[in-house]
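Single-structure report; data block below.
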Amino acid sequence: MRPNDHPTVSSFRILSRMLNLYRQIKKQERFFNNHLPIALAGLVPDFHQRFSPAHIKRITKYWQLGLNLVCKNLYNLTGKELQPHEHKRIVLLSVFGPLFDDLFDDKILGNEQIISLVTKPETYIAVNDTDRLVTKIYLELLRNLPRKQLFMQQLRAVSYWQQESLKQLNDNITEEELYRITYNKSYYAVLLYCAVLDEYPNEEMRGMLFPVAGLMQLTNDAFDVYKDVHNNVYTLPILYRNFEQLQQHFMAEVARINTTLWRLPYTEKAKLNYAITIHSLHAMGWMALEQLKQVTTGIPTVAALRSMSRKSLVCDMDNFEQKRKWLGHIRRITNYSDSAAGNRPAFITITMPV
């Protein structure tokens with residue numbers, strides 16, 4: 001088989017991979033809940049007072065996505081194994097990430113203060129408990145990274161796109177600007193996790209990660225329509241409800257990911273496992289978009305969207321029929337190719353940053 005050939009993935013292979021991932025994640029959760037306070041003992045001695053169950057749930061979500069979809073998935077693709085010191089960095093970044101996001105979302109710091117913290121953490125003077133802990137974890141990460149400047153560079157990019165995402169609080173934001181923010185804030189968050197690894201992905205792999213990250217954020221936005229519309233956050237599924245266009249774009253990006261993946265010089269098994277894992281999330285995004293397309297037909301305004309029930313707007317993945325459909329969509333998306341797309345370019349072209 002030539003390196004860029006795209007084999008057909010069976011339903012059995014999809015089910016087997018998903019069951020393995022499910023068992024792996026359940027095992028990880030038990031380990032993480034027991035060992036997180038121990039891992040942070042030196043940095044957060046008052047762990048149980050500092051972090052509520054809601055905080056810990058949020059940290060766990062960051063960790064699971066960063067570990068399984070980004071770090072471990074990339075290493076499995078390239079035939080490497082995560083080392084204990086890399087696992088520790090991933091945990092630290094997963095605690096750092098939501099706290100850093102709060103600096104923007106909760107308006108804890110102004111933009112100039114955040115820039116100062118990111119660029120000169122050694123001399124930054126904290127003004128509250130949150131930025132004090134953020135600085136403490138940031139410095140600990142920098143002390144243990146193989147590429148300190150790269151991490152700081154990626155964090156500056158994350159900061160920039162977090163600041164840009166505040167434009168999503170205004171309903172006059174353009175569709176083009178929403179696409180740029182959607183993709184870039186997710187892409188640099190993914191690269192931030194890559195920057196804590198001993199092996200940073202090469203240029204071709206980073207090119208593949210751009211649409212991967214974009215579809216991850218589109219998936220998140222599709223699932224969060226009910227929450228976002230009530231918080232006056234304007235995303236593509238809320239402000240520009242052209243779901244046919246979104247789905248055309250979605251599948252063109254899937255073809256772009258798969259084409260790049262099958263050109264990479266790794267084993268067929270490793271590429272299949274990578275594709276199934278990453279597309280397991282994308283398949284949920286597709287299902288959420290499909291539901292939104294059905295329930296919002298004839299909905300003319302954001303105000304009308306806001307009046308809809310949570311049940312209508314949230315894609316419930318917990319019942320058996322939905323899980324069955326999900327497995328089918330994973331298979332379809334994993335098997336999707338340029339030939340299936342008719343060699344058409346993405347309906348909306350999103351240019352990867354240089």
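Couple of notes before you dig in:
- Members of the stretch 39-62 that are among the basic types (K, R) and either open to solvent by 70 Å² or more (accessible area, probe 1.4 Å) or without any contact (Cβ under 8 Å) to a residue 60 or more places away in the chain (or both): K57, R58, K61
- Answer residue from the stretch 315-354, given it is under 21 Å from the mean Cα position of the chain (by Cα) and over 30 Å from Y22 (Cβ atoms) and is modelled with the highest pLDDT among those: P353
- If the condition is being farther than 18 Å from L74 by Cβ and in contact with a His (Cβ under 7 Å, 6 or more places away or on another chain), then the stretch 243-274 contributes only V254.
Table: residues versus (1) modelled with pLDDT of 95 or more; (2) out of contact with any Gly (no Cβ under 9 Å at 6 or more places or on another chain); (3) crowded, with 20+ Cβ neighbours inside 10 Å.
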{"site": "R156", "(1), (2), (3)": "yes, yes, no"}
{"site": "Q168", "(1), (2), (3)": "yes, yes, yes"}
{"site": "Y193", "(1), (2), (3)": "yes, no, yes"}
{"site": "L197", "(1), (2), (3)": "yes, yes, yes"}
{"site": "M216", "(1), (2), (3)": "yes, no, yes"}
{"site": "D228", "(1), (2), (3)": "yes, yes, no"}
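- Verdict on S11 being among the hydroxyl-bearing types (S, T, Y), surrounded by 10 or more Cβ atoms within 10 Å (Cβ to Cβ) and touching a residue at least 12 places away in the same chain (Cβ under 8 Å): yes
- The condition of being open to solvent by 20 Å² or more (accessible area, probe 1.4 Å), under 18 Å from V190 (Cα atoms) and either assigned to a helix (DSSP H, G or I) or touching a residue at least 24 places away in the same chain (Cβ under 8 Å) (or both) holds for only one of L93, L65, L74, that being L65.
- Within the stretch 181-201, considering residues that are out of contact with any Phe, Trp or Tyr (no Cβ under 9 Å at 6 or more places or on another chain) and of a type in the set (F, W, Y), the one nearest to M152 (Cα to Cα): Y193
The values are calculated or read from the model by the stated rules, or taken from the named source; none is laboratory data. Because the structure is a prediction, the values reported are computed rather than measured. Because the Cβ atoms are built from the backbone with ideal geometry, glycine has one as well, and the counts that use them run over all protein chains shown. Heavy atoms of the whole protein, side chains included, go into the accessibility calculation; ligands, DNA and RNA do not. Shrake-Rupley method; radii C 1.70, N 1.55, O 1.52, S 1.80 Å.
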